[in-house]
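What follows is a set of notes on a single structure, which appears directly below.
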Amino acid sequence: MAKSKRKESHQIKRLQAQTQVIHSMNKLLFACVGLAVGCVVCATYFPAKRHLGELQQKLAETEQQEQAVLREKEYHETELQAMKTDMAFVELKAMDRLNLHHPGEKILRIKRGN
């Protein structure tokens, strides 16, 4: 009976050792999976962040262009309203376009440099 108890004791110790090895391997495997998931997250995060920055910059440029177009539209709407209601404005625009002037008027032209 002493032999069978020793044999059982030996088997129990061997099973405990195997269990510890399995637990250690599970911990190592879990750490490797966690590291792999972390690498995947980082690999997808940084390019996406860079792309987001590019898109935000493009959006800012587009908004600036939109503001410029809206200012130009407002200018043209004001000019159109003036042409509809103010005959002096129409005369001034026509004379400017046709390069005409009233007798005795002096016209000063200023050329803008590029």
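What follows draws every value from the coordinates through simple rules; no lab data is involved. This structure is a prediction, so every number in the text was calculated from the model and none was measured. Cβ atoms come from the backbone with ideal geometry, glycine included; neighbour counts cover every protein chain shown.
Descriptive notes on the structure:
- On the stretch given as the range 1-36, residues that are over 45 Å from the mean Cα position of the chain (by Cα), among the charged types (D, E, K, R) and surrounded by 10 or more Cβ atoms within 10 Å (Cβ to Cβ) total 5.
- Residue count, the range 80-114 (criterion: among the small types (Gly, Ala, Ser), under 45 Å from the mean Cα position of the chain (by Cα) and exposed (fewer than 11 other Cβ atoms within 10 Å of the Cβ)): 1
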